[in-house]
Amino acid sequence: MKLIFQSLQILPLQELDKLDGLIVKRKLKKGDFLIRENQIAKEIVLIKSGALRSFYMNNEGEEITNCITFENEFMTAFTSLITQKPTEENIQALFDTELEVISHEQIAHLYENSIHWQKVGRVIAEMQYINLEQRILSFQKLSGKERYETLFENHPHYIKLIPLHYLASFLGVTPRHLSRIRKAVL
């Protein structure tokens, strides 16, 4: 996590060193939950290895995967973290996953005591917004095949390991259509 914050080139060294002792390492086994629906997000994580998926249940009781995050990406139930209200999503490990964790309380303390950390928070929020907008635009402008190809370019190792039904849900296609896309791309 410290390297990610350092790469933003915002924090002076003494501010970056405030992370020492705040970051906790955690492991999730495949299928374990980071957070479940109706819980309040109390932490943000950086994925060191593995992958997490965020999903919710639609009105027909089906799981809809709305986000998959990979190594060196931040993850939490962001709306819940910001509002401190219960989340509507579940976040689950797709594989054995190693995380670096910092609590909401510690983040708030850093923000309160440093304009540099406030800027880091703003930059991360902007990055999350850009990712969300790109995802929305991909559904409006790209075909399922193009969304798959983009994901495959960025994460070829993991794409082969993610269960087909999760991946299809994330891409907005049926599992059968995804099978056809995979055959065409590979």
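Tabulated values for the structure
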item	result
GNM result for the chain, Cα springs below 10 Å: residue of Ile162, Ile136, Ile124 fluctuating most strongly	Ile136
Area accessible to solvent at His109, 1.4 Å probe radius, in Å²	110
Candidate lysines - alpha carbon under 16 Å from Lys2, same-chain residues fewer than 8 apart omitted	Lys18, Lys25, Lys48, Lys119
Amide H within-cut-off set for Leu34, under 5 Å, with H built and near neighbours excluded	Ile91, Gln92, Ala93
Global form of the range 31-81, assessed from the alpha-carbon gyration tensor, a/c cut-off 1.5	oblate
The chain: DSSP helices with Cα axial extent of at least 27 Å and average Kyte-Doolittle hydropathy no lower than -1.0	115-141
Mean-position separation - Cα centroids, the range 148-166 and the range 1-44, in angstrom	25
Protein accessible area in the chain, 1.4 Å probe - carbon and sulfur %	52
Lysines whose Cα lies under 27 Å from that of Lys183, excluding same-chain neighbours fewer than 8 positions away	Lys30, Lys141, Lys145, Lys160
5 angstrom amide H check on His155, placed H, neighbours 5+ away	none
Gain upon complete extension [Lys29, Glu153; 0.36 nm per residue less C-alpha separation]	42.0 nm
Where the chain is the region considered: accessible area per residue in Å², 1.4 Å probe	59
Rounded FRET efficiency, nearest 0.05, which uses the C-beta distance separating Ile40 from Tyr111 and R0 of 30 Å	0.95
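The values are calculated or read from the model by the stated rules, or taken from the named source; none is laboratory data. Predicted, not measured: the structure shown is a model, and the values here were computed from it. Ideal geometry is used to build each Cβ from the backbone, glycine not excepted, and the neighbour counts take in all protein chains shown. We work out accessible area using only protein heavy atoms, side chains counted, and drop any ligands, DNA or RNA first. Shrake-Rupley method; radii C 1.70, N 1.55, O 1.52, S 1.80 Å.
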